[in-house]
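These notes concern the structure reproduced below.
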Amino acid sequence: MKYKSVFDIIGPVMIGPSSSHTAGAARIGKMARELFGREPKWATISFYGSFAKTYKGHGTDVAMIGGIMNFETDDERIINAFDYAKKNKIRVKIREEEAVTDHPNTARIMLGDDEGELELVGISIGGGKIEIIELNGFELKLSGHHPAILVVHDDRFGAIAAVSNLLASHQINIGHMDVSRKEVGEVALMTIEVDQNIDESVIEALKKLPEVTQVTRIND
Amino acid sequence: MFRNVAELVELAESSGKKISQVMIEQEMHVTNRSREEVLAQMERNLKVMEEAVEKGLKGVKSHSGLTGGDAVLLQNYIASGRSLSGNLLLDAVSKAVATNEVNAAMGTICATPTAGSAGVVPGTLFAVQEKLNPTRDEKISFLFTSGAFGFVVANNASISGAAGGCQAEVGSASGMAAAAIVEMAGGTPSQCAEAMAITLKNMLGLVCDPVAGLVEVPCVKRNAMGAANAMVAADMALAGITSRIPCDEVIDAMYKIGQTMPVALRETAQGGLAATPTGRELEAKIFGFALDKKE
């Protein structure tokens with residue numbers, strides 16, 4: 001079941017006018033920001049489908065920039081997100097794409113600064129609920145409704161066991177997990193949704209595992 | 001955990017509980033929280049709804065200038081004593097309009113189930129409370145009952161205009177509201193389901209065709225009629241009228257209709273009212289481009 005909580009239906013509390021095109025967009029932007037881990041110097045947003053056709057009217061662009069600025073769906077600063085981005089010297093580009101995507105409300109966000117870049121594809125599935133379906137070229141499925149850990153690791157035997165053993169030793173239960181890779185034997189991405197927020201010490205321990213190259217966490 | 005309306009009604013009636021009670025207990029179980037925490041979150045949402053209606057009834061205007069002020073006109077008309085369809089019905093309509101006018105003006109609202117359809121549930125709640133005098137807890141229950149039916153629609157069909165048209169948004173909202181009105185008025189869980197079915201049947205096929213892609217025209221007036229539809233269907237169900245097609249099958253029909261709906265009529269501002277000469281003219285004026293440059 002896609003929707004698990006009654007507050008997916010009666011909620012979110014948000015700045016209008018559209019739950020999918022405004023609140024959902026803000027949430028996708030905020031997920032990108034959290035995964036990037038800091039305020040970017042530049043952001044390029046590509047809109048597809050209904051997003052591309054109607055983003056101006058729905059404030060989808062404003063909301064997504066607001067999310068990238070780390071604003072919540074009900075933060076009134078969303079309305080002036082472009083001004084806030086300008087003030088913080090973030091270069092913003094918006095693109096309307098013609099390509100047809102599986103979901104009508106699809107956006108691709110690229111964030112970057114001198115230290116690195118991030119590319120993410122998110123979909124807004126209705127009522128403000130979103131899913132992240134691609135991250136830096138890896139396919140994944142992330143709802144943002146549970147705390148999660150993203151682990152970039154070598155694609156070889158024992159990597160998954162090493163990570164899950166370490167989580168088990170910290171008494172962390174895995175609610176949902178999937179693994180995605182671009183090519184056999186290269187790098188892979190583990191997406192692990194868990195029941196409780198993860199302590200920084202666990203993240204540090206994961207980073208020390210020989211197979212692991214990068215760890216990102218998303219807390220509730 | 002209930003997966004459809006039949007299971008929801010069965011769960012409620014076999015244990016002698018209200019739909020709202022079943023929803024509260026499921027929420028406690030799924031999110032591992034206490035009753036107090038779950039009720040407190042809904043209380044906050046109720047407060048946002050009250051503030052939005054209050055703001056809308058004072059009169060707001062959207063940035064585009066397309067919508068705003070109709071809730072005030074309706075309240076003045078009710079006060080004049082000339083209403084034909086009845087004060088309670090028009091009060092629901094005007095409060096639904098008030099919420100959606102605030103939404104269009106980028107104000108703060110609570111999505112029920114979406115922002116574009118956020119007027120129907122609070123609009124009907126704040127109208128029927130004048131007659132039924134519910135306690136604060138009963139108003140919160142109204143939102144859980146709405147949520148329970150919306151939950152089924154969201155999981156078995158869709159609540160997204162881009163995926164299923166307006167029937168999935170205002171249609172779902174109206175069905176949710178109708179069911180909640182029935183519970184508040186003392187109807188049975190089965191009657192709630194009948195009200196939902198009767199409402200949604202009359203929303204089937206409704207397309208999502210917003211002018212200029214804005215959640216304004218026709219969205220605000222669709223919320224108005226959604227509220228009216230919910231009120232009438234609730235009365236029909238309370239009168240003992242049932243739907244020949246069971247609620248779950250109506251929801252399924254809605255989903256299938258949405259899947260076969262052309263993309264132009266699913267929140268792309270390419271068909272329907274958005275594509276009328278006046279719709280196109282308004283779009284050009286709002287975004288400041290010449291008409292012939294578009295398409």
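So here's what we get for this one:
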| item | result |
| --- | --- |
| Wholly within the stretch B:107-189, helices (runs of 4 or more DSSP H) carrying at least 2 residues that are at the interface with chain A (Cβ under 8 Å from one of its Cβ atoms) | B:136-156, B:161-164 |
| Residue list for the stretch B:45-80, restricted to those being farther than 20 Å from B:Ala115 by Cβ and in contact with a Pro (Cβ under 8 Å, 6 or more places away or on another chain) | none |
| Residues located in the stretch B:207-228, provided they are surrounded by fewer than 24 Cβ atoms within 10 Å (Cβ to Cβ) and under 22 Å from B:Glu267 (Cα atoms) | B:Val207, B:Ala212, B:Val217, B:Pro218, B:Lys221, B:Met225 |
| Residue match in the stretch A:151-173 (condition: closer than 23 Å to A:Lys4 by Cβ and assigned to a strand (DSSP E or B)) | no |
| The listed residue being crowded, with 22+ Cβ neighbours inside 10 Å and under 15 Å from A:Ala25 (Cβ atoms), out of A:Ile132, A:Ile79, A:Ile94 | A:Ile132 |
| Some residue of the stretch B:52-65 being within 30 Å of A:Gln196 (Cβ to Cβ), surrounded by fewer than 21 Cβ atoms within 10 Å (Cβ to Cβ) and within 14 Å of chain A (Cβ to nearest Cβ) | no |
| Pairs, first outside any helix (DSSP H, G or I) in the stretch B:28-50, second among the acidic types (Asp, Glu), C-beta under 8 Å, six or more apart | B:Arg33/B:Glu27 |
| Selected residue (only one of A:Ala25, A:Ala52 is in the same structural domain as A:Lys93 (by TED's automatic domain parsing) and in contact with a helix residue (DSSP H, G or I) (Cβ under 7 Å, 6 or more places away or on another chain)) | A:Ala25 |
| Residue match in the stretch A:26-41 (condition: within 14 Å of chain B (Cβ to nearest Cβ), of a type outside the set (Asp, Glu) and closer than 19 Å to B:Pro113 by Cβ) | yes |
| Residue check, B:Val182 farther than 22 Å from B:Glu25 by Cα, modelled with pLDDT of 95 or more, β-branched (Val, Ile, Thr) and crowded, with 24+ Cβ neighbours inside 10 Å | no |
| Every residue from the stretch B:97-138 that is more than 16 Å from the chain's Cα centre (by Cα) and either under 15 Å from A:Ile10 (Cα atoms) or among the polar types (S, T, N, Q) (or both) | B:Thr108, B:Gln129, B:Asn133, B:Thr135 |
| Residue list for the stretch A:97-115, filter: free of Cβ contacts under 8 Å to residues at least 24 places away in the same chain and either closer than 17 Å to A:Arg27 by Cα or away from chain B (no Cβ under 14 Å) (or both) | A:Glu115 |
| Residue within the stretch B:36-45 that is within 11 Å of chain A (Cβ to nearest Cβ), charged (D, E, K, R), under 23 Å from the mean Cα position of the chain (by Cα) and within 22 Å of A:Ile10 (Cβ to Cβ) present | yes |
| Single residue of A:Phe51, A:Phe82 found to be among the aromatic types (Phe, Trp, Tyr), free of Cβ contacts under 8 Å to residues at least 40 places away in the same chain and farther than 18 Å from B:Asn103 by Cβ | A:Phe82 |
| Scope the stretch A:4-51; condition surrounded by fewer than 22 Cβ atoms within 10 Å (Cβ to Cβ), at pLDDT below 90 and either in a helix (DSSP H, G or I) or among the aromatic types (Phe, Trp, Tyr) (or both); matching residues | A:Glu34, A:Leu35 |
| Residue match in the stretch B:188-196 (condition: of a type in the set (Asp, Glu) and farther than 30 Å from B:Gly16 by Cβ) | no |
| Verdict on A:Gly66 being within 12 Å of another protein chain (Cβ to nearest Cβ) and touching a residue at least 24 places away in the same chain (Cβ under 8 Å) | yes |
| For A:Gly57: the one exception among (1) in a helix (DSSP H, G or I); (2) at pLDDT 95 or above; (3) crowded, with 21+ Cβ neighbours inside 10 Å | (2) |
| Selection status of B:Gly226, under 22 Å from B:Gly119 (Cβ atoms) and within 14 Å of another protein chain (Cβ to nearest Cβ) | no |
| Qualifying residue in the stretch B:82-96 (condition: within 13 Å of B:Ala224 (Cα to Cα), at the interface with chain A (Cβ under 9 Å from one of its Cβ atoms) and in contact (Cβ under 8 Å) with a residue 60 or more places away in the chain) | no |
| Count of residues meeting criterion [assigned to a loop (DSSP other than H, G, I, E, B), more than 19 Å from the chain's Cα centre (by Cα) and more than 20 Å from A:Leu140 (Cα to Cα)] in the stretch A:174-202 | 1 |
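The values are calculated or read from the model by the stated rules, or taken from the named source; none is laboratory data. None of these values were measured; they are calculated from a predicted model. Reconstructed Cβ throughout: ideal geometry from the backbone, glycine too, with neighbour counts over all protein chains shown.
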